[in-house]
Amino acid sequence: MEKFDLIIIGAGRASGLAVNAGKAGRKVALIEKSTLGGTCPSRGCVPSKLLIGYANVARGIKESARHFIDSKIENIDKKKIFEKTNRYIDSIDGAYARRLNENVEVIYGEGSFLSNYVVEVNGRKLQADKIVIATGTKPIAPAHEKAWTSDNVFPLLGDIPKSITIVGSGFIACELANFFDAIDIETKMLVRNETLLGNEDEDISNIFKEEFTKNVDVAFNTTIEDIDYQEDSFKLTLLNSNGQKQEHLTHRLLYATGRESNAGSLKLENTDIKVNERGYIVSDEDLQTTVDGVYVVGDANGKYMLQHAAAYEVNHLSKVLLEGEKSKVRFKYMPHGVFTDPEIASVGMSEKKLQEANIKYVANTTDWLASAKAQSTRLKYPRTKFLINPDTYEILGCHMIGPESATMMHQVLAVMHIDNDIRHLKDMIYIHPALSESLLPAAIKVISAVKKYNLKSST
Ligand SMILES: Cc1cc2nc3c(=O)[nH]c(=O)nc-3n(C[C@H](O)[C@H](O)[C@H](O)COP(=O)(O)OP(=O)(O)OC[C@H]3O[C@@H](n4cnc5c(N)ncnc54)[C@H](O)[C@@H]3O)c2cc1C
Ligand SMILES: NC(=O)c1ccc[n+]([C@@H]2O[C@H](COP(=O)([O-])OP(=O)(O)OC[C@H]3O[C@@H](n4cnc5c(N)ncnc54)[C@H](O)[C@@H]3O)[C@@H](O)[C@H]2O)c1
C-alpha cells in the first residue's frame, strides 16, 4: 500500500488543488484517465469558445448589409481553423503538467475505490485520509455508434464535415450549430419540442428562437426514426409531430443531448459514498461526500455543471484542506452565458421558476437602444430583463440577450456580490455611451415598476 496525504481522482479543475497542495508540501497522487486539464480546456469551454471567434467574423461579413456595406466571403480555410484548435488542445496536457511540482505524482489511468480510503489505479493500491473526487461528466452516448458527440469535435480528427446534423437544443447544440453554420458547413438542428435553450427565461428564449432560426436551419418537433449509415454518411428518417416522415442526408450526425455522471467508473459499491437518483455523488455544504475526508467537486456532484462553479468549489476546498478554512461553500448566485448568436447571459431565477416557487417579484424588460453603442450594432432585439424583490430591491434574476451579454452581466454580478440591491445600478455613473449604459434605463424602469407595485399594494 502506498501512502499519500491527498489523492485526487480526475485532473480537470481539481488539478489546481494538486498545484496548491504540492506547493504546500503535501504528497499528492493525481489520477487522470485522459489528459490533464479535463473537459474545459480540451473538450469543452475553451476550444468551443475559440471557434466562436471565427463564427463571429463570418457572421459580421454575412450581415454587413445591415450596415449598408456589401461584402462576401471569398473563402473560409476550415482546415486551418480546425488545425489551430487541435494544436491548442494538444498543448494542454503539457501546460498543466508544467504547473505541478515534485510533490505531485501524476498517475495516468482509471482510478477506482477498493474501500473508503483506498484507491486502485494501474494495479497500484494508494491510501490517503483525504481523497477528492473530481471526475466530471461524459456526453450521453449517441443513438448510433458512428454518430458524434462534442468529444469528436475536440479534437476534430479526419475529414472536416461536409454537412452536420445536430440533435438537441441546449448549450452545446446551440453553440456548435451556430459555429458550423457560420463557417458555411451545411447545418441542421433536430429539436424534439418547440423550444431552444428551454432552461432560459421564456421571454429570452423566445427572442433567441426568432433570431437564431434566421441563420440556422432548425427542425422543431422532430425526432429521428431511423438511422442508416453508409459510405461515411447518414441517411436519416425524420419524424415530426404530425406523423410526417422525411429523409435527410448528412455527412456527420452529432448528439448534444446532455451529459452524465462518470461515477460508474469509481466502483463506489466498495465504499460508503452515496450517489443520488441521477447518479451524481452526494455532498454536503463542506463539499464532503457521505464518507468523512472524502470530497467531491465540480461536475461530479451534478449541481451546476459549469467551469466557474467547479473552479469556485476547488478554490474553496483548497482553503479548507490547506489553510484550515471552516466556512461552508455557499453560492450567492450562479451565472451562465450561452456563447452563440445571439449571445445570452443569465443569473438567478427565471420568471417561471419564481412563479412556481410562489416568490413575490416585479419584472421589467428593457431594450438596449438608449445606448448609442447598442444602436451602432443596428440590432433591435437586445434586451435586459430584471426580476426584483419588491420588498428589498434584491435582484432575483437578470436575463440578457444581445452582443457581449456575458460581459455586460458582470456589472450586475458585482452588485449582487457586494450588496444585492438594484438601486446601485441606477445610482452609479456609467461611461457614455458604452454598451453597458443600456443597463441604466433597465434599472430605472424596473425600480419605477417596483415603486408602482408597492404603491398599489399599500392602497
Ligand atoms: C462542449 C462544452 C462546452 C462547454 N462550455 C462551457 C462554458 O462556456 N462555460 C462553462 O462554465 N462551462 C462550460 N462547459 C462545462 C465545463 O467544461 C465543465 O463544467 C467543467 O469542465 C467541469 O470541470 P470538472 O473538473 O468538474 O470536470 P472535468 O473537467 O470533466 O474533469 C474530470 C476529469 O476526470 C477524469 N476522470 C473521470 N473519471 C475518472 C477516473 N475514474 N479515474 C481517473 N480520471 C477520471 C476525466 O478524464 C476528466 O479529465 C462546457 C462543456 C462542454 C462539453
Ligand atoms: N456556455 C456554457 O456555459 C456551456 C456550454 C456548453 C456546455 N455547457 C455545460 O455542459 C452541459 C451539457 O450541455 P448539453 O447541451 O449537452 O446539455 P443540455 O442539458 O444543455 O441540453 C441537452 C438538450 O438535449 C435535449 N435532449 C435530451 N435528450 C434528447 C433526445 N433523446 N432527443 C432529442 N433531444 C434530447 C434536451 O431537451 C436539451 O435541449 C450543460 O448543462 C452545461 O452545464 C455549458
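The values are calculated or read from the model by the stated rules, or taken from the named source; none is laboratory data. A quick note: this is a predicted structure, and the numbers were derived from the prediction, not measured. Here the Cβ is made from the backbone with ideal geometry for all residues, glycine too, and neighbour counts use every protein chain on show. These accessible areas exclude ligands, DNA and RNA; they are computed on the full protein's heavy atoms, side chains included. Shrake-Rupley method; radii C 1.70, N 1.55, O 1.52, S 1.80 Å.
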Problem - For LEU306, residues with placed amide H under 5 Å, excluding near neighbours - result: none
Exercise for the section: Starting from the amide H of VAL132, placed 1.01 Å from N in the peptide plane, find each other amide H under 5 Å away whose residue is 5 or more places distant or on another chain. Expected result: ILE7, ILE8, ILE9, TYR295
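Going by average Cβ neighbours within 10 Å, how do the peptides 392-401, 321-330, 9-18 rank, with the highest at the top? Kindly include the intermediate steps, with their values, before the conclusion.
Values: 392-401: 23.2, 321-330: 12.4, 9-18: 27.1.
Ranked by mean Cβ neighbours within 10 Å, highest first: 9-18, 392-401, 321-330.
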Completion exercise
Computed about the Cα centre, the charge dipole of segment 148-257 from +1 Lys/Arg and -1 Asp/Glu charges at the Cβ has a magnitude in debye, to the nearest 20, of 220
Completion exercise
Karplus-derived 3J(HN,Hα) from phi for segment 97-107 (6.51 cos²θ - 1.76 cosθ + 1.60, θ = phi - 60°), whole Hz, x at Gly and Pro, runs 4, 5, 7, 8, 9, 5, 6, 9, 9, 8, 10
Completion exercise
Number of Lys pairs in segment 343-458 closer than 15 Å at Cα, excluding neighbours under 8 places apart unless interchain, is 10
Handout entry: 1.4 Å probe accessible area per residue over the chain, in Å²
Key = 48
Exercise for the section: With a 1.4 Å probe and all protein chains in place, put THR165, THR407 in order of accessible area, largest first. Expected result: THR407, THR165
Handout entry: Low-density loop cleavage sites - GluC sites (Glu not before Pro) in segment 75-151, where at most 11 other Cβ are within 10 Å (DSSP)
Key = GLU102, GLU145
Exercise for the section: Express in nm, to one decimal, how much length is gained between SER64 and MET334 on full extension, taking 0.36 nm for each residue of separation and deducting their alpha carbon distance. Expected result: 93.7 nm
Practice task
Give me the number: length gained by fully extending GLU394 to THR195, i.e. 0.36 nm times residue separation minus the C-alpha to C-alpha distance, one decimal in nm.
Solution key: 68.7 nm
Handout entry: Karplus (6.51, -1.76, 1.60) ³J(HN,Hα), θ = phi - 60°, over segment 178-186, in Hz, Gly and Pro reported as x
Key = 4, 5, 4, 4, 4, 8, 6, 9, 4
Problem - Inter-label distance, nm, simple model (7 Å from Cα along the C-beta direction), SER376/HIS308 - result: 2.5
Handout entry: Rounded to the nearest 10 Å², the accessible area of HIS410 at probe 1.4 Å
Key = 120
Exercise for the section: Provide the per-residue ³J(HN,Hα) series for segment 110-120, in order, calculated from phi with Karplus coefficients 6.51, -1.76, 1.60 and θ = phi - 60°, each as a whole number of Hz, with x at glycine and proline positions. Expected result: 8, x, 8, 8, 9, 7, 3, 10, 10, 10, 10
Completion exercise
In the chain, taking the dipole from +1 charges on Lys and Arg beta carbons and -1 charges on Asp and Glu beta carbons about the Cα centre, the listed residue (HIS424, ALA128, GLY60) farthest towards the positive end is HIS424
Problem - With every protein chain in place, segment 175-217: carbon and sulfur % of accessible area (1.4 Å) - result: 31
Handout entry: Protection proxy ranking of 276-288, 360-372 - average other beta-carbon atoms within 10 Å, highest first
Key = 360-372, 276-288
Problem - Nitroxide proxy distance, nm - points 7 Å out along Cα→Cβ at LEU455 and ALA406 - result: 4.1
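Roughly how big is the chain's charge dipole about its Cα centre, with Cβ charges of +1 (Lys, Arg) and -1 (Asp, Glu), in debye to the nearest 20? Walk me through the numbers before you get to the answer.
On the way: 56 positive and 60 negative charges, 189 e Å.
Using only the charged Cβ atoms, the result is roughly 900 debye.
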Fill in the blank from the handout: Sorting PHE154, PHE68, PHE331 on solvent-accessible surface, 1.4 Å probe, most exposed first, gives PHE68, PHE331, PHE154
Handout entry: Dipole of the chain, positive direction: furthest Cα of THR384, PRO342, PHE220, with charges on the beta-carbon
Key = THR384
